[in-house]
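Here is the structure we will look at.
Bear in mind these aren't lab numbers, they're just calculated from the coordinates by the rules spelled out. Computed from a predicted structure; not experimentally measured. Because the Cβ atoms are built from the backbone with ideal geometry, glycine has one as well, and the counts that use them run over all protein chains shown.
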Amino acid sequence: MKASMLLATQEKALRDRVRQDLGHLCTVQVSASSGATYATLVKKSFDVVLVDANLPHFDSLAFVHALRHAPGRGALVVTRGRIDPVVYIGQPRTWEPVPAPTGTAAIELIRGRLDPAAARTIGEVRYQPKEDTFFVALRNGKTYELSRKVIEPDDGTPIVGEPKVIHGGEAFEVRQKSGKVYQVAWDFVLYHQEPVYPYHKGRPEQREAEAATALRIGDRIRQERTARGWSLSDLAERSRMQPPNLSRLESGKHVPSLDTLERVAQALGMRVVDLVAS
């Protein structure tokens, strides 16, 4: 089901641009007067409200009053141009005012929020040395701080330059002083940082699934190792892993990273898919 949008403007070019660029993401209802805009807001619920602050007789306070009495749980409110700051005092929590300087900026902002792909596409990344984190912004406007400590391939040496967004936003790439280069995917960020993400590490069902997966993979690795007559130390040496870490892996204490799986699979002369297959 498409999102719903109220567009309050008299500018034909903006109306046409909104319908052209956002029509596939939402249904658009146009209001050409300030009074009609206020009246519509108190009668109907919208997911997005884009209002032109230059609309004739536009009254910031009347606009916010209408939003207060709007049905539904709230909307993304984008104002083309700023509205009177005084209206933000005691603002209702059910709406989020976002000013955009131009029609193009407003459309891009709304597209980022409504496009499902934007929620799984990295827009920008910056490394924050003081916090030792990556500040990640997705195209839908959400931002996250990802600690380097949760990234297994990171060897702890200094970060060289800024991370680079790659593959159209599917991941970002990090270079380290040691010469190591690794990639972090969008879903890894959400797994650690977004509680509403279906596969977030904190969700009970995700913890249960990961525990079952870890046990299955660990059991398979132990079976393959013993079938070759190798000790734990033998496999640890061949896979360039520490024996205690390999022991935890075989015991199903955690789900191994792809890098770890590749090391173990190579040492066993197997494919990664053969180790993880159920």
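Numbers at a glance
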item: Rh (Kirkwood; distinct C-alpha pairs) - segment 1-78, Å; result: 12.5 Å
item: All-pairs alpha carbon distance profile, the chain, 5 Å steps from 0, percent; result: 1, 5, 10, 12, 11, 11, 10, 9, 7, 6, 5, 5, 3, 2, 1, 0, 0
item: Straight-distance crosslink candidates among lysines, where the alpha carbon sits under 16 Å from Lys130 and sequence neighbours closer than 8 are dropped; result: Lys149
item: Cα gyration tensor, segment 183-228 - rounded (a/c under 1.5), prolate or oblate; result: oblate
item: Three semi-axes of the equivalent ellipsoid, segment 204-276, Cα gyration tensor, whole Å, largest first; result: 20, 12, 11
item: Measure of compaction for segment 117-193 (Cα Rg per 2.2 N^0.38 Å); result: 1.00
item: The chain: relative contact order as a whole-number percent, Cα under 8 Å and 6+ apart; result: 9 percent
item: Mean ellipticity per residue at 222 nm, deg cm²/dmol - from DSSP H runs of n ≥ 4 across the chain, formula -39500 (n - 2.57); result: -11000 deg cm²/dmol
item: Among Phe63, Tyr197, Gly179 the positive-end extreme of the charge dipole of the chain (Cβ point charges); result: Phe63
item: Computed over segment 117-193: relative contact order in percent, which uses C-alpha pairs under 8 Å that are six or more apart; result: 27 percent
item: Flagged links, alpha-carbon separation over 32 Å, of Lys43/Lys142; Lys180/Lys201; Lys44/Lys164; Lys177/Lys201; Lys43/Lys201; result: Lys44/Lys164; Lys43/Lys201
item: Asp132, Asp52 arranged by Cβ crowding within 10 Å, fewest neighbours leading; result: Asp132, Asp52
item: Residue order, fewest to most surrounding Cβ atoms within 10 angstrom, among Met1, Met270; result: Met1, Met270
